[in-house]
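Contents: one structure, followed by commentary.
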């Protein structure tokens, strides 16, 4: 492998995750090329080369990658065949295309969990809505599209016949509703040498309207045993896959304190944004270290951190205007990350804010103030 | 003033300081334009607009700035008349042109210290070498060019008649040699509202060959009184100037523990690079907050930090190659910042490395290892 500052890195996707990766690649002189379908993507002005094109198109992805040394992703909906061909021709692709293919499909993910003794809820797979209706399952249950779901899209709760009539037509999987106590996540990193490190387990609260993480607390205050169990599960997944890069493992903690894996994201993830200020290494820095086969960084927490997503305010659509910045920055330990998106719409992820405090409850109180005070309007 | 993400920021200079400022501006969606004479400047690919041009030329600086809302600098050798004209026309310029003018000239700096009761060594000003020779001063002493010195250039030790024959011809100032125990520095930030904050005092060791900071330790372990005194001096300077932005105050701590101000830099400075990982707010983030009149961030140290400059290895000139990255990153708490410079030459500043450790002595030991292990060759 070439030395890091001579390696031409390509990132599929030029959104906020790419943007925060670039803030790290700058530290290593890495030349970064970005492919994104949006000519106004958040990365367009901060990379060495920016190309507008479809991430799903074989030719586009193949031609983008053929002169690069290393390719990574910031979104998993990409053309796998092109990545496999590039890999055959000697381009490094991390995470590996076979893993992206598996994770793209929630049905394959569930089969992988089953085959590798990774705790997850029971499931059934259906190719069509007709098959689902014929199965005559007991209500209520959750139907998830096998492919292309994200940020809560592609998930339906089926509670009655009317819901069933409106169920997804496409291939899907069905799970029982999990009566969980808390949603938790662990981000794990692994490099090609096999070195593996987890970030401390975090706890998440979701916005029920938007079905997006809205309130994330790091580190968790659950028992050492629960945290260790969650971290061991994440390591086991990364090792079973021979994964390279950072992998987000979203899990449910049930009311009887069992852990069930919900789903995986093969890239930096919303549940790790607080690591930028809250930990000695950020998930973005760790991803760069992992894909360049450098020793992984210390993942310890610096302080209690609460992360909130900045979502476009309901009822506003157009050129984004940010209200309340000065007020929130008066509080100590408040860090803002805007994502460079010109236009807002309801629930669009426009940025995030991390609050650091030695005292966990103080951090939570500040986060509530920030959430009430900082708004994206138009 | 416009909201931060609608403000067009211009930076005079596109070197490493501009690069580290941009890593912060990304967090606020700030549109950044850069002017630099070098078409390959470190910022060229990571800003919204990059212009090649002379920082000393009136027309170039004026035309660069006339459509911007706010201008700052990462180097003080810039055309002041153009900045003054832009300021008259309503463009915000921080730090203010009158302050850059004062700091550009070490003679004016010394007069300012004298007039404002800021402790500094006695000095005399000479317009020509002839005047200096006629003064018949006692050897040894230090001669400094009033203008354009940087990184130890523009400073001569005059010990005998031969040195005197080789003294600078240009306007200069002369000071006694100071028998100091330690070089120290405080970075102070002030915003237009008058809010003011200092970073903890740091201690510096210089490379005698290159006359560059090579080893910086934060925070200092000198007594509370000394640290408070240094911070009060820095605040007094910033307040006397009504300074806006971050200001680096380099000082000598004499053997009898008096503090003498050496010189000022009206911008982020080498003596504050360790704040990126070592403090809750970095000097770059603080500069952005200050010039946008946002509340200043918490400057407390997170841990002991040692910063070393990465200098081009003696005897190597050409396309830079970095040796030893993997070895140094195996140590916990080692953070690298390469500056995106393609070519190395002896003592060129190619980057810096910060080492964080709970234990100060451990941090120093790791820094020594890093210095021996990581090399820039060609």
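Only the coordinates and a few stated rules stand behind these numbers; no lab work does. Everything numeric in this text was worked out from a predicted model, so none of it was measured. As a convention, Cβ positions derive from the backbone with ideal geometry for all residues, glycine included, and neighbour counts pool all protein chains shown.
Of A:215, A:280, A:224, which is the most mobile in a GNM of chain A whose springs link Cα atoms less than 10 angstrom apart?
Taking springs between Cα atoms under 10 Å, the residue moving most is A:224.
Going by how many other Cβ atoms sit within 10 Å of their own, how do B:223, B:31 line up, fewest first?
On the way: B:223 10, B:31 18.
With the fewest neighbours first, B:223, B:31 line up as B:223, B:31.
Shielding by partners for B:19-29, please: the mean number of other protein chain Cβ atoms within 10 Å of each residue's Cβ. Don't jump to the answer; show the numbers that get you there.
Numbers: counts 2, 2, 0, 3, 6, 1, 1, 13, 11, 7, 12.
Taking all residues of B:19-29 together, the mean is 5.
When chain B is treated as a GNM, springs tying every alpha-carbon pair under 10 Å, which of B:244, B:319, B:334 comes out with the largest mean-square fluctuation?
B:319
Provide B:261, B:246 in ascending order of the number of other Cβ atoms located within 10 Å of each residue's Cβ, fewest first. Each step should come with its number before you reach the end.
Values: B:261 23, B:246 32.
Ordered from fewest to most neighbouring Cβ atoms within 10 Å, B:261, B:246 come out as B:261, B:246.
Quick check: the distance between the Cα centres of region A:276-324 and region B:164-216, to the nearest angstrom?
36 Å
So for each of B:71-79, A:133-141 I average, over its residues, the number of other beta carbons within 10 Å; can you give me the resulting order with the highest mean first? Write out the running numbers ahead of the final one.
Working: B:71-79: 22.2, A:133-141: 11.8.
The densest-packed peptide leads the list: B:71-79, A:133-141.
Tally the DSSP beta bridges in chain A and give the antiparallel ones as a percent, rounded to 5.
So the antiparallel bridges in chain A amount to around 80 percent.
Report P(r) for the protein assembly as shown: all Cα-Cα distances, bin width 10 Å, range 0 to the bin holding the largest distance, values in whole percent.
Pair shares across the bins are 3, 13, 23, 25, 18, 10, 6, 2, 1, 0, 0.
To the nearest Å, what is the center-to-center distance of region B:133-147 and region A:19-89, using C-alpha atoms only?
58 Å
Consider just the alpha-carbon atoms of region B:122-176 and return their Rg together with their Dmax, both in angstrom.
Rg then Dmax for region B:122-176, in Å: 10.0, 29.
Once R0 is set to 35 Å, what does the formula 1/(1 + (r/R0)^6) return for the Cβ-Cβ distance between residue A:206 and residue B:342, expressed as a FRET efficiency to the nearest 0.05? Don't skip to the end; give the middle numbers.
Values: r = 47 Å, r/R0 = 1.34.
That pair, residue A:206 with residue B:342, gives E of 0.15.
Which whole number gives the average count of other chain Cβ atoms within 10 Å of the Cβ atoms across peptide A:317-323? Mind showing how you got there, number by number?
On the way: counts 0, 0, 2, 4, 3, 6, 1.
Mean shielding count: 2.
Once you've got the GNM for chain B with C-alpha springs shorter than 10 Å, pick whichever of B:208, B:200, B:295 has the biggest mean-square fluctuation.
B:208
For B:333-340, what's the mean count of beta carbons from other chains sitting within 10 Å of each residue's beta carbon?
Numbers: counts 5, 3, 5, 5, 4, 7, 3, 7.
So the per-residue partner count for this stretch is 5.
Calculate, in whole percent, how much of the Cα-Cα pair population of chain B lies beyond 34 Å. It would help to have the intermediate numbers written out before the result.
Details: 19376 of 71253 pairs.
Everything past 34 Å amounts to 27 percent.
Given region B:208-283, what whole percent of its Cα pairs are spread farther than 17 Å?
Values: 1506 of 2850 pairs.
Counting every Cα pair in region B:208-283, those more than 17 Å apart make up 53 percent.
Take the Cα pairs of region A:180-377, get the Kirkwood Rh, then feed it into Stokes-Einstein at 4 °C and 1.567 mPa s and tell me D in µm²/s. Numbers along the way, then the final one.
Values: Rh = 17.2 Å.
My calculation gives 75 µm²/s for D.
Give the share of C-alpha pairs in each 5 angstrom bin for region A:296-378, from 0 to the last occupied bin, in whole percents, shortest bins first.
Reading the bins upward from 0: 3, 15, 25, 20, 16, 11, 7, 3, 0.
On the Cα set of region A:142-202, report Rg and Dmax in Å, please.
16.7, 52
Mind ranking A:336-343, B:371-378 by how tightly packed they are, going by the mean number of other C-beta atoms within 10 angstrom, highest first? Walk me through the intermediate numbers first.
Numbers: A:336-343: 20.0, B:371-378: 16.6.
Ranking, from highest mean packing down: A:336-343, B:371-378.
Any idea how far apart residue A:89 and residue B:161 come out in nm if each label point goes 7 Å out from Cα toward Cβ?
7.5 nm
At residue A:170 and residue A:326, where each label point lies 7 Å from the Cα along Cα→Cβ, what is the point-to-point distance in nanometres?
Each label point lies 7 Å from its Cα, and together they span 4.6 nm.
Would you compute, from DSSP H runs of 4+ residues alone, the mean residue ellipticity of chain A at 222 nm, taking -39500 (n - 2.57) per run and dividing by the full residue count, rounded to the nearest 500?
On the way: 12 runs with 107 residues, N = 378.
Calculated at 222 nm, the ellipticity per residue is -8000 deg cm²/dmol.
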